[in-house]
Amino acid sequence: MEVSAAERAVELFTRGYSCAQAVLAAVGPELGLEREVALRLASGLGAGLGGLRETCGAVMAMAALIGLRHGPVEPMEPKTKAALYREVQSAIADFKATFGTHCCLELLRRASIEKQAGVAPEARTPEYYAKRPCAAFVRFCADRALRP
């Protein structure tokens, strides 16, 4: 039985990869992106952009994957770029409708996790995963990135 990209993303996240790495590495290879490149490319996006707790890393990876699928190659393709922006905005609106925000800090606070920007990454323990809602964000973003 084949595992979905969303399930692969959650599995990567629970193995210690950041939210952004999990989404990009689970979906990217389906779109021709090498797994190692996906992991490296997304490595600075986790924890809301390098630990700043801004836009959720899974959301940024989702936007990058939508760009990989639908983005223009030539610099002057305004119709393609406009369509891409609409698709990214729609995906982020879906995320916000589901989770209330796309801000990492707010997402964690809604789960009663008090975080600050710029803090070093935490050890990935069973307790870490038990209190974090991030697996749901990773699942959503991996799934939504592949939606037509």
Considering region 1-44, residues that are among the charged types (D, E, K, R), more than 20 Å from residue 71 (Cβ to Cβ) and in contact (Cβ under 8 Å) with a residue 40 or more places away in the chain, and then whichever is most open to solvent (accessible area, probe 1.4 Å), we arrive at 7
Taking the stated definitions as given, is residue 87 open to solvent by 30 Å² or more (accessible area, probe 1.4 Å), at pLDDT 95 or above, at negative phi and of a type in the set (Asp, Glu)? yes
Check region 97-116 and report whether any residue there is among the aromatic types (Phe, Trp, Tyr), open to solvent by less than 70 Å² (accessible area, probe 1.4 Å) and not in a helix (DSSP H, G or I). no
Conditions: (1) within 28 Å of residue 88 (Cβ to Cβ); (2) without any contact (Cβ under 8 Å) to a residue 40 or more places away in the chain. Residue 114 meets all but one. Number of the miss? (1)
Tally of residues being within 20 Å of residue 100 (Cα to Cα) and either surrounded by fewer than 17 Cβ atoms within 10 Å (Cβ to Cβ) or in contact with a Cys (Cβ under 8 Å, 6 or more places away or on another chain) (or both) across region 50-71: 10
Could you list, in sequence order, the residues of region 117-139 that are over 20 Å from residue 52 (Cα atoms), assigned to a loop (DSSP other than H, G, I, E, B) and open to solvent by 90 Å² or more (accessible area, probe 1.4 Å)? none
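The values are calculated or read from the model by the stated rules, or taken from the named source; none is laboratory data. In this text, all values refer to a predicted model and were calculated from it rather than measured experimentally. Cβ coordinates were reconstructed from backbone atoms using ideal geometry, including for glycine residues, and neighbour counts include every protein chain displayed. We work out accessible area using only protein heavy atoms, side chains counted, and drop any ligands, DNA or RNA first. Shrake-Rupley method; radii C 1.70, N 1.55, O 1.52, S 1.80 Å.
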